[in-house]
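Notes follow the structure.
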Amino acid sequence: MIKKVIFISILCLSGAVFTASEKAGEVKPLPKGDPIRGEKLVGSCAACHGADGNSLVGMWPTLAGQRELYLFDQLHHIQEGERVIESMMGLLDDYNDDDLRDMAAYYASQKIKVGQASDENVLLGQTIYRAGNAASGLPACTGCHGPQGKGVNSAGYPALGGQKAEYVVTSLVAYKNKTRGNGEEEGLVMQNVASMLTIEEIQAVANYVSGLY
């Protein structure tokens, strides 16, 4: 009888532990923004990023089709001063997290307009993007950004396919010089990656991804 009670107690305890660990391992879905509401909040962004998020100027990034999670994170970093963009200083001060999430959702729902990569250094860019550079220890970009440059939303890695080449060059140089990415885990990874890139390779991979889709 005593053995039976002990067995039942152990069984119940095991079930409780399993239930607790199961709850602890639950992955709650990230909150999604409302793109319809977000469209009403991005009016002042159009001058630099285009009405639908497709930038008309190379120095400003295209936001259309970008990963929602990545956009939200970047908007939050800019708002908090963790990522400094002079032209955006103070622009996001009056928005709360729901606003930023809705803005990100709007841009993520738009279709990116992919340009045409130049033939000049596209083969070098393709090699760097898809295979890296074994001599310098540079990993392939596909590991984080995918073979078509669509990024990985669950990991927060951004889409690169169709992005403005000039903006990609500026960003990679900033990572290389450690003027961007400080304090962010992903940013520190990019600082390390960019440190292995030559300026020629940066220009080539930026050109390649501008026409990637």
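The values are calculated or read from the model by the stated rules, or taken from the named source; none is laboratory data. Everything quoted here is computed from the prediction, not taken from an experiment. Cβ placement follows ideal geometry from the backbone for every residue including glycine, while neighbour counts extend to all protein chains displayed.
A few comments on the model shown:
- When the criteria are applied in full, S154 fails the requirement of being modelled with pLDDT of 95 or more and surrounded by fewer than 16 Cβ atoms within 10 Å (Cβ to Cβ).
- Hits in the stretch 168-186 (condition: in a helix (DSSP H, G or I) and over 17 Å from P61 (Cα atoms)): K176, E185, E186
- Residues located in the stretch 194-213, provided they are crowded, with 20+ Cβ neighbours inside 10 Å and either among the β-branched types (V, I, T) or modelled with pLDDT under 95 (or both): I202, V205, V209, L212
- Residue identified as crowded, with 17+ Cβ neighbours inside 10 Å, in contact with a Phe, Trp or Tyr (Cβ under 8 Å, 6 or more places away or on another chain), closer than 22 Å to G181 by Cβ and among the small types (G, A, S) among A104, A64: A104
- Test: residue in the stretch 123-141 that is under 26 Å from A51 (Cα atoms), in contact (Cβ under 8 Å) with a residue 40 or more places away in the chain, outside the structural domain of P61 (by TED's automatic domain parsing) and of a type in the set (V, I, T): no
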